[in-house]
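Structure first, then comments.
The values are calculated or read from the model by the stated rules, or taken from the named source; none is laboratory data. Remember, it's a predicted structure, so these values are computed and weren't measured experimentally. So basically every Cβ, Gly included, is an ideal-geometry build from the backbone, and we count neighbours across all protein chains shown.
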Amino acid sequence: MQTPLESFIDHKADTGMQCGSYSIDVPPLKEGEQYRFHFDAVACVGCRCCEVACNEQNNNPADIKWRRVGEMEGGEFPAFTQMLNSMSCNHCIDPECLRGCPTESYIKIAETGIVVHDDDTCIGCQYCTWNCPYGVPVFHEERNIVTKCHMCHERLDEGQSPACVQACPAGAIEIEVVNVEEWLNRDIDEQANMPFLPDARITNSTTRYTLPDNLPQNMKEMDEHILKPAHKEIPLVFMTVLTQISLGGFLALFLGDVMSLFGLE
């Protein structure tokens, strides 16, 4: 019995199907709108072309993944279900990464809603990796800074698809326009949540998901039994403590000068 990926590869070879769209008609945004990703878990075959294309486009090493594909499973034999999730930055309406950056290295572009990171001002403190509930910002050890998906916004400006959209042979990743008010008031709870991801309301995520019907309640990550390395928190702890000590020392000196000025020593 063929796997879904094997079946798709045969179908692609037989029909001459090409990868995703290279050029797209990016619709102009109206007031109150922004761009977002749409991921179709029904269409995804798990080929990971999106991961590879993203890394090649952004010159990232193999261990830095701005887009990553995860696998989930659930149900009881023989009614067993497998599902994939290709996840990148959600370009949230209220991004926590932006709030957690002491150097203001994150910018939510007003015209498009895309959240970008300024590598030149990043000091590598990794506060944003703590703040983002989806684990999107990734620390680049060679460059000693944090990096993340920027929706290939420069390609979008030229009418080209983001690398992940272009590379997907199944058309499972798309760029869409979302009306922010309608999304928050009507659609976000039903269309923005995915099993094992934090609630979309935390940051008002904009990514829209198309999920298979009748998903089992016991869906779980297929690699949940694998031990994962702990987050490197020492730099964050050091910076947090040092900041408090510095502030305390400054206040002590300042209060000492004030007391001397008024003869209260």
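Things worth noting here:
- Test: Pro195 is in contact with a Cys (Cβ under 7 Å, 6 or more places away or on another chain), part of a loop (DSSP other than H, G, I, E, B) and farther than 13 Å from Cys92 by Cβ: no
- Options Glu31, Glu71, Glu51, Glu76: the member that is among the acidic types (Asp, Glu), surrounded by fewer than 16 Cβ atoms within 10 Å (Cβ to Cβ) and under 22 Å from Ala167 (Cβ atoms): Glu71
- The stretch 88-104, subset of a type outside the set (D, E, K, R) and surrounded by fewer than 22 Cβ atoms within 10 Å (Cβ to Cβ), residue modelled with the lowest pLDDT: Gly100
- Index of the failed condition, Asp63 passing every other in (1) over 16 Å from the mean Cα position of the chain (by Cα); (2) without any contact (Cβ under 8 Å) to a residue 24 or more places away in the chain: (1)
- The single residue among Gly20, Gly46, Gly16 that is buried (at least 16 other Cβ atoms within 10 Å of the Cβ) and at pLDDT below 60 turns out to be Gly20.
- Neighbours by Cβ (under 7 Å, 6+ apart or cross-chain): first from the stretch 135-159, under 19 Å from Glu104 (Cβ atoms); second at pLDDT below 95 and of a type in the set (Ser, Thr, Tyr): Pro137/Thr129; Phe139/Thr129; Val146/Thr129
- Test result for Leu156, part of a helix (DSSP H, G or I), more than 14 Å from the chain's Cα centre (by Cα), modelled with pLDDT of 95 or more and assigned by TED's automatic domain parsing to the domain that holds Val136: no
- All positions within the stretch 127-160 that are closer than 15 Å to Pro102 by Cβ, crowded, with 18+ Cβ neighbours inside 10 Å and touching a Leu at 6+ places or on another chain (Cβ under 7 Å): Tyr127
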